[in-house]
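Reading through the structure tokens given below for one structure.
Just so it is clear, none of the values below were taken in a lab; they were calculated from the coordinates. Please read all numbers here as calculations on a predicted model, not as lab measurements. Counting neighbours? That spans all protein chains shown, and the Cβs are built from the backbone with ideal geometry, glycine included.
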Amino acid sequence: MKITKAVMVSVVGRPNVGKSTLTNALVGEKVAIVSKKAQTTRTRITGIVNRDACQFVLLDTPGMHKANSLLGDYMVKVVHSTVSSVDVAVMVVEPVERINGAEEALLKTLRENNMPAILVINKIDTVKKEDLFPVIALYSRAYPFATIVPISAKNEDGLEELLNEIEKFATEGPQLFPDGMISDQPEKMLLAEIVREKLLRLLDQEVPHGTAVEITSFSERENGIVDVGATIFCERDSHKGIIIGKKGTMLKKIGEFARQDMERFLGTKVFLELWVKVKEGWKNNSSLMRNFGYHEE
């Protein structure tokens, strides 16, 4: 079916509410890395969904939080700028009868931009149905949401209803992205994010938040095998030791899991080499942040 309308959507919320899981579930492919650690998403990630005559452009954003570094400042700016440039915001919350400071800040941003918004209550698989009523009442008083949609992104429950509600904000116009395109992220950025996801999943709480990943080489052989070289940057020598592990066991594990995901993503065999370097204070170094892809457009 020909695309005749489109809708730009910002997916916002505090850390760990399931924004990236929701974006991936709607797209039907993995375009954003996920982990149980807060602040997994560091920059705006675009996911593209074509359904019938409508193209949905989903902008997954970092979790709103109190910044304590240049990187944190950048992440918060991404949230604010994304909210101000879309047709509708989807604010994702957990089924808890409490609005915290990060959510208050998001509601303030929505008000300042007079932004139409849909409230998504995620993780409904973790509570009883009657537990949702006070949450709905609380947020209904806090902001004039166009609608409130309870979902479970993990179980893909309620997603069709959510897309139906989002589509109400679509406008007539040309197709924004070509058929078959699911994200506008550069291939190297997606590969770097795959490595960073493994760091988040396999390492202790403190270490992965001080890491960044840069794809330093990428080439394809005549037989189709892809060679990828990636450098993991960390903030301390002690972190470097943890990432490498005893006799290199942790780095080998990170590389193995990352390679498997890269092969699924690229659809071919991958030869992956990883290096670890220390860059103290990189989260407060704008030049290094730009090298790692964390910069404003």
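The table for this structure:
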| read-out | value |
| --- | --- |
| Helix 249-266 axis, angle to the chain major axis (alpha carbon atoms, nearest 10°) | 60 |
| C-alpha center-to-center spacing [the range 7-32, the range 166-239] in angstrom | 15 |
| Cβ crowding within 10 Å averaged over residues, with 9-15, 134-140, 174-180 ranked highest first | 9-15, 134-140, 174-180 |
| Computed [θ] at 222 nm, deg cm²/dmol, the chain (DSSP H ≥ 4; -39,500 (n - 2.57); rounded to nearest 500) | -10500 deg cm²/dmol |
| Using alpha-carbon coordinates, inclination of helix 132-142 to the longest axis of the chain, degrees | 80 |
| Local electrostatic count at Lys246 - Lys and Arg +1, Asp and Glu -1, tallied over other residues with Cβ under 14 Å | +4 |
| 19 Å Cα-Cα reach of Lys240 towards aspartates and glutamates, excluding residues that sit fewer than 8 places from it in its own chain | Glu193, Glu197, Asp204, Glu206, Glu214, Glu256, Glu273, Glu280 |
| Straight-distance crosslink candidates among aspartates and glutamates, where the alpha carbon sits under 14 Å from Lys128 and sequence neighbours closer than 8 are dropped | Glu94, Glu97 |
| Once the Cα gyration tensor of the chain is diagonalised, semi-axes √(5λ) in Å | 33, 23, 18 |
| Residue among Ser287, Ile244, Val270 farthest towards the positive dipole end of the range 187-297, charges placed on Cβ | Ile244 |
| Tilt relative to the chain, helix 187-202 - C-alpha long axis, 0 to 90 degrees, to 10 | 90 |
| Value of Rg to Rh for the range 187-291 (Rh from inverse mean 1/r over Cα pairs, i.e. Kirkwood) | 0.97 |
